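This report refers to the structure that appears directly beneath it.
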Amino acid sequence: MRKFKRPLLLFISFLSLACIAHSYILYRFFKDGILFTGPNDGIEQMVPIQLYLYQKWSEGTFFYATDFGLGGDFFTDLSYYFSTNILFIVNTIIVKGLHVLHLVNPNELMFWFHNAIVISIIKCALVLGATYYYATQLKLNTISKWVFASGFAFSPLYFRFTVYWPFFSDVFILLPLLFASIERFFKTGKVGLFIVVVTLSFMNNFYFAYYQVLMGLLYFLLRCLIKHPDDVTSKWRALRILAVSAVLGFGTSLVFFFHGARSFFNNERVRFETKIPWVEPFNQNTNIIFDNYLIVILVISVQALLTFKLYKYTYFKLFAILSIITIIAAFIPYVDSIFNGFSAPQKRWHYLLAFSTSGLVACYVFHFLKINIRTYIWTTLLSIALVLFSAYWYDKYVIWLVWLLVVGAIGLITLRITKTKERHMTTAFYGMSIMILAILVSSVFTKYQIFHADHEKRANTFYVNASLYNTPLQQSLVNEMADKKAPEERIDWRVNEQDNTPMYQKFKGLSLYSSIFDQQLIDLYYRDLMINLKEESVSRYQSTGGRANVASLFSVRYQMLKDYQGNLPDFFKKIKTSGQYRLYENTQALPAVRITNQYYDARHLHTPIDREHAMIDGVVLNNKGKVYDKKAPNLRSEVGLQYDAAQKVNDRRIKVTKDWGGATLSIPHHLQSKYNDFYVIVHVKRGQPDSNHVIDVNGYQNHRLFNASKYRTGQYDLLYRAKPNKNGKIHIGLSPTGAYDFNILGIYGENYETLKKAPKEKRYTFRESHSKIEIGLKNHNKGMMILNTPYRKGLQARVDGKSVTPQKVNYFMVGIPVEKNAKHVEITYRPPFFFTILIISIFFAIASIGFSKYMYQKNHKRKSEPY
């Protein structure tokens, strides 16, 4: 009983302390309804994705779904977020159990906002436990362990990560466990914990596994250089054994890691070409001891670094060196780039800085009674002066400044006391005062840097139930459309810029907001069909660009718009108005499942309009089929062009002198009478001064990012579907003023004859459930069955019980050859090599257990051998 009593009491202590650290957050939630989930990524990505995964897993769908944006492998593509996240998986299992008992309702969006706070508290408690365990490996005393654990767990960066990207903050648990496992090996020669931590790190998130590797190598290198008297192994032996253990852990993780890595390599990002500065400027945003947007370290660490007497102690020296390295690195953007895979600098590695300085402060407290009073006084005065100067310089007062003086006073009293018993007691009070300081620093950070004006405005219980995010009326209208349409048909609707609206309003749409998604969809939107993204972002796709052909090819049955929104495709008939919402039905929707024997070769299709027509008339194949002969002519030579409030610099560049200046196209009458719409393909790239900019095409505004943005698409050849105004004009306006690369590449007319003539009859039945799509076919000829959901390697098909290999057709769709009068098609999906990788992981897991036991027995025999 006693064996379990202490760990239980410790966990209760960790949980209680975590609740105290979240006290300000809980206060704001219950008082003002402020959510501990940030605007933008938090409410737009994290919560909808969690809800979506829970619902998919609950219904028995684990890999592929046609309602994941346009459809796809959500297990692979969401591995960057939660699909392989161990904590989320455990959380989901527990939530499912509570749901079965009718204690919670996880199908409601608000549940996951509440869940975020609960999980943050539990996770914070786990961080405290992991760090406390690591400190135990260092043989620190009790108060030093608590200082270490609280300093790291209550780091402002923990709260920042958790608010915006909760899966980020998992590393706060894994980092101390990784270092503890390395430390444990040096002291005992045991490798079991190291293998487990490596496995969990690679399984949990492939992106942060890279961070763990870099940080583990850095720590290992420092431990090889800074030996401890209790070490039982040499550095070369440690290198060999830990290398083998790392391979075993990595191999065990492959069942999750392999698919996460596939998602990364299957994604497409624009190469970051902006020049990276050598040094970060020192200002309020980089002042790490005061109150910046990213991280604040306890200023006690400055005192510790200046206490040179303590450098003779092994772990103090270790953390001092690690702190100096990370503090310097915090001002070098190239380090940010290295940690982001040598790409755009991202400040996501700074939790190592928080850990290093927390460990330094803990060692400082551990050796506190050995400090000379004079040294303590001048280092304390200097650190306080630095903070006071920062407060004066930035004209900003923070409440923990007063408490910092209290901490300094308690430390001075402790060193002045001569009686041993009382000195140890006041040392404990000194450590506790530092823990309170850590809580105050994180609370102030939360108040100013997390719960800022935009957060309070958009991340609250009112906003997430308002028309800019989610309302009962929106849900009612969505349910009405969903009940009327067929299961395979789509609804084109998103709440303003909420591209994951389909996830939380639970309908089959065609928008997605995710850092990683299938490359073929990127190609489809950027190059093959050039579907315009109203708000440029490499992490999003949405809608159809107002193009009737695309809407019909995607089987969009309904579209919903707010009363001020436009760019409605042709052939969409208004069927209902409710409040500010208008509902439209597509009168020319194509069946989601079609069979054709007309094959066209993609190599001979060079424009989006020709590709649309070929997909409507038949099916487009790669390197097979005949030439599509109904090519749309480029009307550029027949259309007049003049510049308004813009000066032509040369054939490829203009200078806009007034907002919305640009080019006006004059469409001749004979073309206006012949075509309903025009596809205008224009090359636009912002020149100097670089900035976000807007391209306005007859009132349709396309928001584009500045050239140095990490989230730009790198796509500058843009297609706009436009109707001439009553004067036959199409105006392309640019804002703000300045230089632009500008060139009209093509103008194509569309009269929709191809779409009108296409067969619309639905000759199939469709059912999707439990990771399986079943299609019943009616009378038809031999040909290619096309399903307008994304093809992914790993799809399997059976036609009337016989195995058939699915093909990629129409640039992204699923094609299955069928014989005449085939009746039943069954489509299933499993990520490529899934069972092979699973077997490999099991093999490595068994090998890991065997190797761990072997090392334990070997070290047990030679534990007395000198090294």
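What follows is calculated from the coordinates using simple rules that are stated; it is not laboratory data. Values in this document were obtained by computation on a predicted structure and should not be read as measured data. Neighbour counts run over all protein chains shown; Cβ positions are idealised from the backbone, glycine included.
Lys-Lys pairs in region 294-440 that are eight or more residues apart or on separate chains and whose Cα atoms lie under 20 Å of each other come to 6.
With angles folded into 0 to 90 degrees, how steeply does helix 420-445 sit against the dominant principal axis of the chain? Use alpha carbons for both and round to 10. That helix lies at roughly 20 degrees to the long axis.
Return one number: the angle in degrees, 0 to 90 and rounded to the nearest 10, between the long axis of the Cα atoms of helix 142-153 and the longest principal axis of the Cα atoms of the chain. Roughly 20 degrees, rounded to the nearest 10. Cross-link reach is defined here as a Cα-Cα straight distance under 18 Å, omitting same-chain residues fewer than 8 places apart; for Lys227 the aspartates and glutamates meeting it are Glu183, Glu865.
This structure gives semi-axes √(5λ) of the Cα gyration tensor in Å, computed directly, and of [x] 55, 33, 25; [y] 61, 34, 25; [z] 78, 33, 23 that value is listed as [x]. Report note on the peptides 367-373, 132-138: ranked by the mean count of other C-beta atoms within 10 Å, highest first, their order is 132-138, 367-373.
What FRET efficiency, computed as 1/(1 + (r/R0)^6) with R0 = 41 Å and r the Cβ-Cβ distance, is obtained for Lys227 and Arg6, rounded to the nearest 0.05? Display every interim value, and only then the final one.
On the way: r = 31 Å, r/R0 = 0.75.
Result of the calculation: an efficiency of 0.85.
Taking the number of other C-beta atoms within 10 Å as the exposure measure, put Tyr856, Tyr27 in order starting with the fewest. Don't skip to the end; give the middle numbers.
On the way: Tyr856 15, Tyr27 12.
Starting with the residue having the fewest Cβ neighbours, the order is Tyr27, Tyr856.
Could you work out the local net charge near Val556, counting Lys and Arg as +1, Asp and Glu as -1, over the other residues with Cβ closer than 9 Å to its Cβ? Each step should come with its number before you reach the end.
Details: positive: Arg490, Arg557; negative: Glu489, Asp492.
Once all neighbours under 9 Å are counted, the net charge is 0.
Round to the nearest 0.05 the FRET efficiency obtained for Ser343 and Lys858 when R0 = 51 Å and r is the Cβ-Cβ distance. The computed FRET efficiency comes out at 0.75. Model label points for Glu774 and Gln642, set 7 angstrom from Cα along the Cα-to-Cβ axis, are 6.5 nm apart. Relative to the longest principal axis of the Cα atoms of the chain, the long axis of helix 171-188 makes an angle of roughly 50 degrees.
Whole-percent P(r), region 2-454, all Cα pairs, 20 Å bins from 0: 23, 58, 18, 1. The coefficient of translational diffusion for region 729-867, derived via Stokes-Einstein from the alpha carbon Kirkwood radius under 37 °C and 0.692 mPa s, stands at 153 µm²/s.
Compute the projected area of the convex hull of the Cα atoms of region 466-539, averaged over all viewing directions, and report it in nm² to one decimal place.
That works out to 5.5 nm², a quarter of the Cα hull's surface.
For Asn496 and Arg653, a Förster radius of 41 Å and the Cβ-Cβ distance give a FRET efficiency of 0.75, rounded to the nearest 0.05.
Would you mind ranking Thr61, Thr577 by Cβ crowding within 10 Å, fewest neighbours first? Could you put the intermediate results ahead of the total?
Numbers: Thr61 21, Thr577 10.
The order, fewest Cβ neighbours first, is Thr577, Thr61.
Grouping the Cα pair distances of region 536-611 into 5 Å bins from zero gives a pair-distance distribution of 3, 13, 19, 18, 19, 13, 8, 4, 2, 0 percent in increasing distance order.
In region 636-755, inverting the average of 1/r over every pair of distinct C-alpha atoms gives 14.7 Å as the Kirkwood radius. Pair-distance distribution of region 300-354: all C-alpha pairs, bin width 10 Å, starting at 0; shares per bin in whole percent are 24, 43, 24, 9, 0. Taking 24 Å as the limit for the C-alpha separation, the pairs Lys506/Lys802; Lys457/Lys710; Lys190/Lys235; Lys658/Lys710 exceed it in the case of Lys506/Lys802; Lys457/Lys710; Lys658/Lys710. Bridgeable aspartates and glutamates around Lys56 (alpha carbons under 18 Å apart, same-chain partners fewer than 8 residues away excluded): Asp67, Asp73, Asp77, Glu108, Glu488, Glu768, Glu774. Residue-normalised convex hull volume from the C-alpha trace of region 466-589: 103 Å³ per residue. Within the straight-line cut-off of under 20 Å between alpha carbons, the aspartates and glutamates reachable from Lys562 are Glu44, Glu480, Asp492, Glu497, Asp499, Glu535, Asp570, Glu585, Asp696, sequence neighbours fewer than 8 places apart in one chain being disregarded.
Counting only DSSP H runs of at least 4 residues, each contributing -39500 (n - 2.57), and dividing by the residue count of the chain, the helix-based mean residue ellipticity at 222 nm comes to -14500 deg cm²/dmol.
Multiply the residue separation of Glu535 and Met432 by 0.36 nm, subtract the distance between their alpha-carbon atoms, and state the gained length in nm to one decimal.
Working: separation 103, 0.36 × 103 = 37.08 nm, distance 4.95 nm.
Roughly 32.1 nm would be gained on extension.
Taking 0.36 nm per residue of separation and subtracting the Cα-Cα distance, full extension of the segment from Asn725 to Gln796 would add 20.6 nm.
Multiply the residue gap between Asn634 and Glu761 by 0.36 nm, knock off their C-alpha separation, and tell me the result in nm, one decimal place.
On the way: separation 127, 0.36 × 127 = 45.72 nm, distance 3.24 nm.
Gain on extension, Asn634 to Glu761, equals 42.5 nm.
Approximating the spin labels as points 7 Å out from Cα along Cα→Cβ, the Ile849-to-Leu26 distance works out to 4.0 nm.
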